[in-house]
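This report concerns only the one structure given below.
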Amino acid sequence: MRLKILFTIESAGITKPNKHSTQGFIYRMLRGSEYEKRHDEPRFKFFTFSDFFRDSAGRPTLLVSSPEKGFIETLYSAIREKETVYIGQNELRIVEVKRFRLPLRRAFQTGSPIVLYRNAKENEYFKLHQHRDLRFFLQRLKENAEKKYEAFYGEDFLLEGPIFDRLIPKLRSNGKLDVYVKVVKNGVPFPVIGSNWELLEKERIRPEERRFYRFIMDAGLGEKNSLGFGFLNPLRR
(Lines give C-alpha, C1' and ligand atoms only; values in the text may rest on other atoms or scores of the structure.)
Protein backbone atom coordinates (compact mmCIF):
# COMPACT_ATOMS: atom_id res chain seq x y z
CA MET A 1 0.00 0.00 0.00
CA ARG A 2 1.19 3.53 -0.71
CA LEU A 3 0.89 7.10 0.42
CA LYS A 4 1.43 10.16 -1.74
CA ILE A 5 2.09 13.47 0.02
CA LEU A 6 2.06 16.69 -1.99
CA PHE A 7 3.62 19.82 -0.48
CA THR A 8 4.13 23.50 -1.15
CA ILE A 9 7.02 25.45 0.33
CA GLU A 10 6.29 27.77 3.26
CA SER A 11 9.78 28.65 4.45
CA ALA A 12 12.31 30.69 2.50
CA GLY A 13 15.64 29.25 1.44
CA ILE A 14 14.47 25.66 1.31
CA THR A 15 17.10 22.93 1.24
CA LYS A 16 16.50 19.46 -0.13
CA PRO A 17 15.27 17.27 2.76
CA ASN A 18 17.79 14.57 3.58
CA LYS A 19 16.98 10.93 4.26
CA HIS A 20 17.29 11.10 8.03
CA SER A 21 15.07 14.17 8.42
CA THR A 22 12.43 12.58 6.18
CA GLN A 23 12.56 9.39 8.25
CA GLY A 24 12.21 11.54 11.38
CA PHE A 25 9.12 13.21 9.93
CA ILE A 26 7.50 9.80 9.34
CA TYR A 27 8.25 8.61 12.86
CA ARG A 28 6.84 11.82 14.36
CA MET A 29 3.60 11.22 12.50
CA LEU A 30 3.40 7.78 14.19
CA ARG A 31 3.55 9.11 17.76
CA GLY A 32 0.63 8.05 19.91
CA SER A 33 -0.14 5.08 17.64
CA GLU A 34 0.61 1.36 17.83
CA TYR A 35 3.58 2.04 15.54
CA GLU A 36 5.27 4.71 17.66
CA LYS A 37 7.96 2.31 18.88
CA ARG A 38 8.76 0.96 15.41
CA HIS A 39 11.95 3.03 15.27
CA ASP A 40 13.38 1.32 18.36
CA GLU A 41 12.33 -2.23 17.55
CA PRO A 42 15.34 -4.45 16.65
CA ARG A 43 13.77 -5.85 13.50
CA PHE A 44 12.86 -4.96 9.94
CA LYS A 45 10.71 -1.82 9.80
CA PHE A 46 8.73 -2.88 6.69
CA PHE A 47 8.41 0.50 5.04
CA THR A 48 10.37 2.71 2.70
CA PHE A 49 10.00 6.03 0.92
CA SER A 50 11.02 7.61 -2.36
CA ASP A 51 13.43 10.42 -3.02
CA PHE A 52 11.65 13.77 -3.11
CA PHE A 53 10.58 14.69 -6.64
CA ARG A 54 8.59 17.47 -8.30
CA ASP A 55 5.13 16.91 -9.76
CA SER A 56 3.96 18.49 -13.03
CA ALA A 57 3.28 21.76 -11.17
CA GLY A 58 6.75 21.78 -9.58
CA ARG A 59 5.53 20.87 -6.08
CA PRO A 60 7.68 18.70 -3.78
CA THR A 61 6.23 15.19 -3.60
CA LEU A 62 7.00 12.19 -1.40
CA LEU A 63 5.83 8.58 -1.70
CA VAL A 64 5.77 6.13 1.23
CA SER A 65 5.10 2.41 0.80
CA SER A 66 4.59 -0.53 3.15
CA PRO A 67 3.08 -4.03 3.01
CA GLU A 68 1.33 -3.17 6.30
CA LYS A 69 -2.04 -1.60 5.56
CA GLY A 70 -2.37 -0.41 9.16
CA PHE A 71 0.96 1.42 8.97
CA ILE A 72 -0.11 3.40 5.89
CA GLU A 73 -3.60 4.07 7.30
CA THR A 74 -2.10 5.39 10.54
CA LEU A 75 0.33 7.63 8.68
CA TYR A 76 -2.46 8.87 6.41
CA SER A 77 -4.74 9.76 9.35
CA ALA A 78 -1.98 11.66 11.17
CA ILE A 79 -0.73 13.64 8.15
CA ARG A 80 -4.14 14.67 6.85
CA GLU A 81 -4.80 16.45 10.17
CA LYS A 82 -1.77 18.70 9.64
CA GLU A 83 -1.70 21.94 7.67
CA THR A 84 2.06 22.38 7.79
CA VAL A 85 4.95 20.15 8.85
CA TYR A 86 8.69 20.50 9.30
CA ILE A 87 11.10 18.20 7.53
CA GLY A 88 14.53 19.19 8.70
CA GLN A 89 14.65 22.99 8.62
CA ASN A 90 11.99 23.23 5.94
CA GLU A 91 8.40 24.24 6.67
CA LEU A 92 6.12 22.58 4.13
CA ARG A 93 2.39 23.02 3.66
CA ILE A 94 0.46 19.85 2.93
CA VAL A 95 -1.59 20.21 -0.25
CA GLU A 96 -2.79 16.63 -0.59
CA VAL A 97 -2.33 13.26 1.06
CA LYS A 98 -3.63 10.19 -0.73
CA ARG A 99 -3.44 6.46 0.01
CA PHE A 100 -3.69 3.93 -2.79
CA ARG A 101 -2.67 0.52 -4.14
CA LEU A 102 -0.90 -0.24 -7.39
CA PRO A 103 -1.36 -3.39 -9.46
CA LEU A 104 1.50 -5.85 -9.49
CA ARG A 105 3.66 -5.70 -12.63
CA ARG A 106 6.56 -7.76 -13.93
CA ALA A 107 8.80 -4.72 -14.30
CA PHE A 108 9.97 -2.09 -11.82
CA GLN A 109 12.00 1.11 -11.67
CA THR A 110 13.72 2.48 -8.59
CA GLY A 111 12.43 5.63 -6.91
CA SER A 112 15.46 5.71 -4.60
CA PRO A 113 18.82 3.90 -4.73
CA ILE A 114 19.13 0.21 -3.88
CA VAL A 115 21.75 -0.36 -1.18
CA LEU A 116 23.49 -3.66 -0.46
CA TYR A 117 26.43 -4.56 1.71
CA ARG A 118 29.34 -6.39 0.11
CA ASN A 119 30.80 -6.96 3.58
CA ALA A 120 28.55 -5.86 6.44
CA LYS A 121 31.20 -6.48 9.11
CA GLU A 122 33.56 -4.08 7.37
CA ASN A 123 30.70 -1.66 6.55
CA GLU A 124 31.59 -2.06 2.88
CA TYR A 125 28.84 -1.34 0.36
CA PHE A 126 28.45 -3.06 -2.98
CA LYS A 127 29.56 -0.62 -5.70
CA LEU A 128 28.17 -1.44 -9.11
CA HIS A 129 30.69 0.72 -10.97
CA GLN A 130 33.64 -0.84 -9.16
CA HIS A 131 32.63 -4.45 -8.50
CA ARG A 132 30.56 -5.08 -11.66
CA ASP A 133 29.35 -8.39 -10.25
CA LEU A 134 25.68 -8.72 -11.20
CA ARG A 135 25.55 -12.32 -9.97
CA PHE A 136 26.51 -11.16 -6.49
CA PHE A 137 24.06 -8.25 -6.72
CA LEU A 138 21.13 -10.47 -7.73
CA GLN A 139 21.93 -13.20 -5.21
CA ARG A 140 22.31 -10.78 -2.29
CA LEU A 141 19.16 -8.94 -3.37
CA LYS A 142 17.24 -12.22 -3.45
CA GLU A 143 18.53 -13.43 -0.07
CA ASN A 144 17.70 -10.11 1.59
CA ALA A 145 14.18 -10.06 0.11
CA GLU A 146 13.48 -13.67 1.15
CA LYS A 147 14.63 -12.93 4.70
CA LYS A 148 12.36 -9.90 5.02
CA TYR A 149 9.42 -11.77 3.49
CA GLU A 150 9.85 -14.66 5.94
CA ALA A 151 10.05 -12.23 8.87
CA PHE A 152 6.88 -10.42 7.77
CA TYR A 153 4.72 -13.46 7.05
CA GLY A 154 6.30 -15.88 9.53
CA GLU A 155 6.75 -18.63 6.97
CA ASP A 156 9.61 -20.10 4.97
CA PHE A 157 9.96 -19.02 1.36
CA LEU A 158 12.50 -19.85 -1.33
CA LEU A 159 12.28 -18.21 -4.73
CA GLU A 160 13.21 -20.42 -7.65
CA GLY A 161 15.67 -18.84 -10.06
CA PRO A 162 16.91 -15.23 -10.06
CA ILE A 163 14.82 -12.46 -8.55
CA PHE A 164 15.01 -10.57 -11.89
CA ASP A 165 15.79 -11.74 -15.41
CA ARG A 166 16.58 -8.37 -17.00
CA LEU A 167 18.31 -5.33 -15.48
CA ILE A 168 19.15 -1.90 -16.86
CA PRO A 169 21.07 0.42 -14.51
CA LYS A 170 20.51 4.15 -14.58
CA LEU A 171 23.60 6.04 -15.65
CA ARG A 172 24.28 9.33 -13.87
CA SER A 173 25.06 12.52 -15.79
CA ASN A 174 28.75 12.13 -14.88
CA GLY A 175 28.85 8.66 -16.40
CA LYS A 176 28.96 6.88 -13.04
CA LEU A 177 26.58 4.16 -11.90
CA ASP A 178 26.87 4.45 -8.13
CA VAL A 179 24.97 7.03 -6.09
CA TYR A 180 26.55 8.46 -2.94
CA VAL A 181 23.97 9.75 -0.44
CA LYS A 182 25.07 11.68 2.64
CA VAL A 183 23.08 10.60 5.67
CA VAL A 184 23.34 12.64 8.86
CA LYS A 185 22.61 10.91 12.16
CA ASN A 186 23.12 12.59 15.54
CA GLY A 187 24.99 15.35 13.74
CA VAL A 188 27.48 12.93 12.19
CA PRO A 189 27.45 12.58 8.36
CA PHE A 190 28.26 9.29 6.67
CA PRO A 191 27.92 8.12 3.05
CA VAL A 192 25.53 5.42 1.91
CA ILE A 193 26.30 3.96 -1.53
CA GLY A 194 23.66 2.50 -3.84
CA SER A 195 22.49 2.34 -7.44
CA ASN A 196 19.37 3.36 -9.37
CA TRP A 197 17.79 1.17 -12.02
CA GLU A 198 15.79 2.03 -15.13
CA LEU A 199 14.48 -1.51 -15.26
CA LEU A 200 14.25 -4.56 -13.00
CA GLU A 201 12.15 -7.16 -14.78
CA LYS A 202 10.93 -10.69 -14.07
CA GLU A 203 9.96 -12.48 -17.27
CA ARG A 204 7.27 -14.56 -15.59
CA ILE A 205 5.81 -14.33 -12.09
CA ARG A 206 4.21 -17.61 -11.06
CA PRO A 207 0.93 -17.53 -9.12
CA GLU A 208 2.69 -18.74 -5.95
CA GLU A 209 5.25 -15.92 -6.30
CA ARG A 210 2.79 -13.04 -6.64
CA ARG A 211 2.62 -12.31 -2.92
CA PHE A 212 6.43 -12.22 -2.75
CA TYR A 213 6.73 -9.69 -5.58
CA ARG A 214 3.89 -7.60 -4.20
CA PHE A 215 5.73 -7.61 -0.87
CA ILE A 216 9.02 -6.33 -2.30
CA MET A 217 7.12 -3.74 -4.35
CA ASP A 218 5.83 -2.24 -1.08
CA ALA A 219 8.60 -3.08 1.41
CA GLY A 220 11.49 -2.06 -0.84
CA LEU A 221 14.64 -3.83 -2.00
CA GLY A 222 18.03 -4.14 -0.35
CA GLU A 223 19.27 -2.61 2.90
CA LYS A 224 18.22 0.49 4.83
CA ASN A 225 14.66 0.63 3.48
CA SER A 226 13.37 2.66 6.44
CA LEU A 227 15.96 5.32 5.58
CA GLY A 228 14.35 5.71 2.18
CA PHE A 229 16.39 3.30 0.06
CA GLY A 230 15.18 0.63 -2.35
CA PHE A 231 11.82 2.22 -3.19
CA LEU A 232 10.19 0.58 -6.24
CA ASN A 233 7.73 1.84 -8.84
CA PRO A 234 5.95 -0.78 -11.00
CA LEU A 235 6.14 -0.22 -14.74
CA ARG A 236 3.81 -1.06 -17.59
CA ARG A 237 5.61 -3.20 -20.19
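The values are calculated or read from the model by the stated rules, or taken from the named source; none is laboratory data. Worth saying up front: this structure is predicted, and the values here are computed from it rather than measured. For neighbour counting, all protein chains shown are included, and Cβ atoms are generated from backbone atoms with ideal geometry for every residue, glycine included. Note: areas computed on protein heavy atoms with side chains; ligands, DNA, RNA excluded. Shrake-Rupley method; radii C 1.70, N 1.55, O 1.52, S 1.80 Å.
Is it the case that the range 54-68 has a residue that's open to solvent by 60 Å² or more (accessible area, probe 1.4 Å), under 23 Å from Leu221 (Cα atoms) and aliphatic (A, V, I, L, M)?
The answer is no, given that none of the residues of the range 54-68 is open to solvent by 60 Å² or more (accessible area, probe 1.4 Å), under 23 Å from Leu221 (Cα atoms) and aliphatic (A, V, I, L, M).
Within the range 5-13, does at least one residue satisfy the condition of being surrounded by fewer than 20 Cβ atoms within 10 Å (Cβ to Cβ), within 25 Å of Phe108 (Cα to Cα) and either in contact with a Gly (Cβ under 7 Å, 6 or more places away or on another chain) or of a type in the set (A, V, I, L, M, F, W, C) (or both)?
yes
Among what's in the range 104-125 and is open to solvent by less than 10 Å² (accessible area, probe 1.4 Å) and in contact with a helix residue (DSSP H, G or I) (Cβ under 8 Å, 6 or more places away or on another chain), pick the residue that is farthest from Val64 (Cα to Cα).
The extreme case among them is Leu116.
If you take the residues in the range 167-196 that are assigned to a strand (DSSP E or B) and more than 24 Å from Arg132 (Cβ to Cβ), which one is most open to solvent (accessible area, probe 1.4 Å)? Working first, answer last.
First, pick out the residues of the range 167-196 that are assigned to a strand (DSSP E or B): 167-169, 178-185, 188-195.
Those left that are additionally more than 24 Å from Arg132 (Cβ to Cβ): 182-185, 188-190.
Details: Lys182: 138, Val183: 2, Val184: 44, Lys185: 103, Val188: 87, Pro189: 76, Phe190: 69 Å².
My answer is Lys182.
Any residue at all in the range 148-166 that is touching a helix residue (DSSP H, G or I) at 6+ places or on another chain (Cβ under 7 Å), under 24 Å from Phe44 (Cα atoms), among the acidic types (Asp, Glu) and assigned to a loop (DSSP other than H, G, I, E, B)? I'd like the intermediate steps shown before the answer.
Residues of the range 148-166 touching a helix residue (DSSP H, G or I) at 6+ places or on another chain (Cβ under 7 Å): 148-149, 152, 156-159, 162-164.
So of that shortlist, the ones also under 24 Å from Phe44 (Cα atoms) come out as 148-149, 152, 156-159, 162-164.
Imposing the further condition that a residue be among the acidic types (Asp, Glu) reduces the set to 156.
From what is left, the residues that are assigned to a loop (DSSP other than H, G, I, E, B) are 156.
The answer is yes, given that some residue of the range 148-166 is touching a helix residue (DSSP H, G or I) at 6+ places or on another chain (Cβ under 7 Å), under 24 Å from Phe44 (Cα atoms), among the acidic types (Asp, Glu) and assigned to a loop (DSSP other than H, G, I, E, B).
Pairs please, first residue from the range 15-26 and closer than 14 Å to Phe47 by Cα and modelled with pLDDT of 85 or more, second anywhere and part of a helix (DSSP H, G or I) and of a type in the set (A, V, I, L, M, F, W, C), Cβ atoms under 6 Å, 6+ apart in sequence or on different chains.
Pairs that qualify, where the first residue is closer than 14 Å to Phe47 by Cα and modelled with pLDDT of 85 or more and the partner is part of a helix (DSSP H, G or I) and of a type in the set (A, V, I, L, M, F, W, C), are Lys19/Leu227; Gln23/Leu227.
Does any residue of the range 133-147 turn out to be in contact (Cβ under 8 Å) with a residue 60 or more places away in the chain, within 17 Å of the chain's Cα centre (by Cα) and assigned to a loop (DSSP other than H, G, I, E, B)?
No.
For the range 56-69, does any single residue satisfy the condition of being modelled with pLDDT of 90 or more, more than 26 Å from Val179 (Cα to Cα), of a type in the set (S, T, N, Q) and touching a Lys or Arg at 6+ places or on another chain (Cβ under 7 Å)?
Within the range 56-69, not a single residue is modelled with pLDDT of 90 or more, more than 26 Å from Val179 (Cα to Cα), of a type in the set (S, T, N, Q) and touching a Lys or Arg at 6+ places or on another chain (Cβ under 7 Å).
Just to be sure, is Glu91 open to solvent by 30 Å² or more (accessible area, probe 1.4 Å) and in contact with a strand residue (DSSP E or B) (Cβ under 7 Å, 6 or more places away or on another chain)?
Yes.
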